[in-house]
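The values are calculated or read from the model by the stated rules, or taken from the named source; none is laboratory data. Predicted model, so just to flag it, every value in this text is computed and none were measured. Glycine gets a Cβ as well: all are built from the backbone with ideal geometry, and neighbour counts include every protein chain shown. Surface areas here come from the heavy atoms of the whole protein model, side chains and all, with no ligands, DNA or RNA. Shrake-Rupley method; radii C 1.70, N 1.55, O 1.52, S 1.80 Å.
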Amino acid sequence: METISGAQLLIKFLEEKGVTTIAGVPGGAALPLYDALHGSSIRHILARHEQGAGFIAQGMARATGFPGVTLATSGPGATNLVTAVADAYADSIPLLAITGQVPQHLIGTDAFQEVDACQLFRKITRRSFFVASAEELYTILPEAWSLMTSDRPGPVHIDIPKDVQNQKVDLKRFRAVFSESKTPQPQQIVAAAAMIAESERPLLYIGGGIVHADAASELAEFAQTHSIPVVSSLMGLGAFPADDELFIGMLGMHAAPYTNHIMHEADLLMAIGVRFDDRATGKLSEFCPDAKVIHIDIDARELGKLRHAQLAVCADAKPTLAQLLGYMENFAQRSAWLARIDALRTAYPLPITPDDAESVKLMHALAAELEASDTVTTDVGQHQMWAAQYLPFHEPRRWLTSGGLGTMGFGLPAAIGAALANQKAGRVICITGDGSLLMNIQEFATLVELGLPVKIILLDNGHLGLVRQQQQMFFSGRFSACEFSSAVDFMRIAQAFGLAATSYDSTNPDCLSDFLSAEGPGLLHARIAATEKVLPMVAPGAGNLQMIVEDVEALVST
Ligand SMILES: Cc1ncc(C[n+]2csc(CCOP(=O)(O)OP(=O)(O)O)c2C)c(N)n1
């Protein structure tokens, strides 16, 4: 009998699936897995922290749709990976997290680096598998792969004790399990078509589900054929071209005022691949009060979870839109609705930002430089919202942000992953804040080692800016733990890692383009005032029409 070890079986399975890159950090309980990687066609990216590895793998998955794979040892390796996995779960990203575990005879003895990883990962994965024998890998591996990639994607965790990694098994073929794509019921297509035909003021409300379903071209054709305007959640940006006149922007807490006003007047919402997240809807009882809802989602748990849908369709967005396109012959012009939308755009524009708002000026400059093939990652905070408000995206998978979990520390490693995934296809720009960058700054080392063309734009306000903004606006300016009283010299830190660093000079018109066009990775350090705000803003829990559009702090100080 030709045998291989459990660890070799796992690596062989990943090779056969087409995995080319794994990001991880080794340790005692994962050493047989690392030994099996030696000589494999799979490239291993050595991150400097397991959370960084998880986000590098996520960046690859977000940029391509193909599962990312990350590898860590037991104990602290597994616990360091938790945040990146929870983040993948919140945004439905296919991520395979593999952890080594102490040998089975030591489990339950508080052994060195022993932690019950399956318990930790159970609630933040589609499934967490414990592998009790190498034989089990024959069934667990294809099941894990299929779970990660079918229906609504998401992370899967596999915990493999060291003795199982070393156990010998027969080298036989694996059984692959693929699930069928879910299509809508014919009567649901008929019902949806009737609701759309009856509607005078319909809107398409789209989210990350369009990206995961690879349904952007069907969406564009459907919206254009039936003259239905499109609003997007944070996660859907890029799934519909920003320069299309039917696009009316991102909805919710930091939307342009007109977007929320237009939504308020809709009589039909076609919600596709969205979660009705509270940051998007504001106070739910005041969200689109006059609209009937057609909700299309591959995950049955989303349907009716927060907003009742008159028609709930549990199906893949791609075939559903394709079937609707085929079925609906009558094209409405909707000229009255489109004219009303234009009037609302004029009546409720984005507030004029003060001339000295460096943040927004920088975003405008970047918007002018951005090419369709560029990928942008962000961290979490004000800089993320400015980027979402001002940068135009025309294609899916070009805007990579931590939407559901909102994890500071995501931007840099995700950018490394995106650049690994599409090395020749465009630049990768990471927009970050000083608080967020510090959370995974050790990955500067990984970036420099790989020499990838990742351009980091740091908006440094010396604060946890979004926290400061909320304390100013909703806690009467009682600032608590939002200021970094010791200033970090990011330029010198970057240089110490071997990363080229430039200081942003807004008076030099070539500063940004020179930075972006330079070879290799680099940091652009832009200092901005701590008082700058993301506006408009809806207070958490308020209705979306209660937008605050004025910077009270600026008014007080002038
Ligand atoms: C890991 C993590 N911890 C805490 C938070 C809460 N939080 C959200 S935004 C923010 C401030 C972000 O500061 P910075 O990265 O400097 O960006 P800025 O808002 O200044 O642009 C904090 C602390 C979070 N989202 N993620």
TODO: With the checklist (1) under 22 Å from GLU532 (Cα atoms); (2) within 12 Å of the ligand (Cβ to nearest atom) in hand, flag the one item ALA367 doesn't pass.
DONE: (2)
- [ ] Could you please find all residues in the stretch 220-238 being in contact with a Lys or Arg (Cβ under 9 Å, 6 or more places away or on another chain) and not β-branched (Val, Ile, Thr)?
- [x] HIS226, SER227, PRO229, SER233, LEU234, MET235, LEU237, GLY238
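Each row is one residue, and each column tells you yes or no for (1) modelled with pLDDT under 95; (2) of a type in the set (Asp, Glu); (3) open to solvent by 70 Å² or more (accessible area, probe 1.4 Å).
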{"position": "VAL115", "(1), (2), (3)": "no, no, no"}
{"position": "LEU120", "(1), (2), (3)": "no, no, yes"}
{"position": "ARG126", "(1), (2), (3)": "no, no, yes"}
{"position": "ARG173", "(1), (2), (3)": "yes, no, yes"}
{"position": "SER179", "(1), (2), (3)": "yes, no, no"}
Task: In the stretch 370-381, residue farthest from the chain's Cα centre (by Cα) [restricted to those that are open to solvent by less than 10 Å² (accessible area, probe 1.4 Å) and within 14 Å of THR401 (Cβ to Cβ)] - done: GLY381
- [ ] Might you let me know whether the stretch 408-415 holds any residue that is farther than 28 Å from SER486 by Cα, open to solvent by less than 30 Å² (accessible area, probe 1.4 Å) and either of a type in the set (D, E, K, R) or touching a residue at least 60 places away in the same chain (Cβ under 8 Å) (or both)?
- [x] no
Open item on the list: Looking only at the stretch 316-369, filter to residues that are open to solvent by less than 20 Å² (accessible area, probe 1.4 Å) and polar (S, T, N, Q); which one of those is nearest to MET547 (Cα to Cα)?
Closed with: SER359
TODO: Would you mention how many residues in the stretch 461-505 are part of a strand (DSSP E or B) and not acidic (Asp, Glu)?
DONE: 5
TODO: Examine the stretch 497-506 for a residue that is at pLDDT below 95 and open to solvent by 70 Å² or more (accessible area, probe 1.4 Å), and state whether such a residue exists.
DONE: no
Open item on the list: Of everything in the stretch 515-558, what is part of a strand (DSSP E or B), hydrophobic (A, V, I, L, M, F, W, C) and open to solvent by less than 20 Å² (accessible area, probe 1.4 Å)? Give them in sequence order.
Closed with: LEU523, LEU524, ALA526, MET537, VAL538
Task: Checklist (1) in contact (Cβ under 8 Å) with a residue 60 or more places away in the chain; (2) open to solvent by 60 Å² or more (accessible area, probe 1.4 Å); (3) within 22 Å of VAL454 (Cα to Cα); (4) not acidic (Asp, Glu) applied to PHE474, failing item - done: (3)
- [ ] Report the residue count in the stretch 327-354 for those that are part of a loop (DSSP other than H, G, I, E, B), under 31 Å from the mean Cα position of the chain (by Cα) and not hydroxyl-bearing (Ser, Thr, Tyr).
- [x] 5
Task: Boolean, GLU443 is closer than 21 Å to GLY520 by Cβ, at pLDDT 95 or above and open to solvent by less than 20 Å² (accessible area, probe 1.4 Å) - done: yes
Task: Hits in the stretch 452-470 (condition: more than 11 Å from the ligand (Cβ to nearest atom) and either acidic (Asp, Glu) or open to solvent by less than 40 Å² (accessible area, probe 1.4 Å) (or both)) - done: LEU452, VAL454, LYS455, ILE456, ILE457
Open item on the list: Is it the case, given these coordinates, that PHE393 is within 15 Å of the ligand (Cβ to nearest atom), touching a residue at least 60 places away in the same chain (Cβ under 8 Å) and either under 16 Å from the mean Cα position of the chain (by Cα) or farther than 21 Å from SER506 by Cβ (or both)?
Closed with: no
- [ ] Sort out for me the strands (runs of 3 or more DSSP E) sitting completely within the stretch 220-280 that have 1 or more residues that are at pLDDT below 95 and open to solvent by less than 10 Å² (accessible area, probe 1.4 Å).
- [x] none
Task: Unmet criterion (only one of (1) open to solvent by 30 Å² or more (accessible area, probe 1.4 Å); (2) more than 9 Å from the ligand (Cβ to nearest atom)) for LEU438 - done: (2)
- [ ] Please go through the stretch 191-214 and pick out each residue that is in a helix (DSSP H, G or I), open to solvent by 20 Å² or more (accessible area, probe 1.4 Å) and either more than 27 Å from ARG397 (Cβ to Cβ) or of a type in the set (D, E, K, R) (or both).
- [x] ALA191, ALA194, MET195, ALA197, GLU198
Task: Matching option when the condition is touching a residue at least 60 places away in the same chain (Cβ under 8 Å) and either among the β-branched types (Val, Ile, Thr) or in contact with a strand residue (DSSP E or B) (Cβ under 8 Å, 6 or more places away or on another chain) (or both), among VAL448, VAL488 - done: VAL448
Open item on the list: Please go through the stretch 282-317 and give me each residue that is within 24 Å of the chain's Cα centre (by Cα) and without any contact (Cβ under 8 Å) to a residue 24 or more places away in the chain, ordered by number.
Closed with: LEU284, ALA300, ARG301, LEU303, GLY304
Task: Answer from SER150, SER128 - the residue that is in contact with a Ser or Thr (Cβ under 6 Å, 6 or more places away or on another chain), free of Cβ contacts under 8 Å to residues at least 40 places away in the same chain and small (Gly, Ala, Ser) - done: SER150
Open item on the list: Just checking, does the stretch 478-486 include any residue being more than 16 Å from the ligand (Cβ to nearest atom), within 19 Å of ALA387 (Cβ to Cβ), basic (Lys, Arg) and in contact with a helix residue (DSSP H, G or I) (Cβ under 8 Å, 6 or more places away or on another chain)?
Closed with: no
Open item on the list: From the list GLY68, GLY75, GLY28, exactly one residue is more than 16 Å from the ligand (Cβ to nearest atom), of a type in the set (Gly, Ala, Ser) and under 16 Å from GLY417 (Cβ atoms). Which is it?
Closed with: GLY68
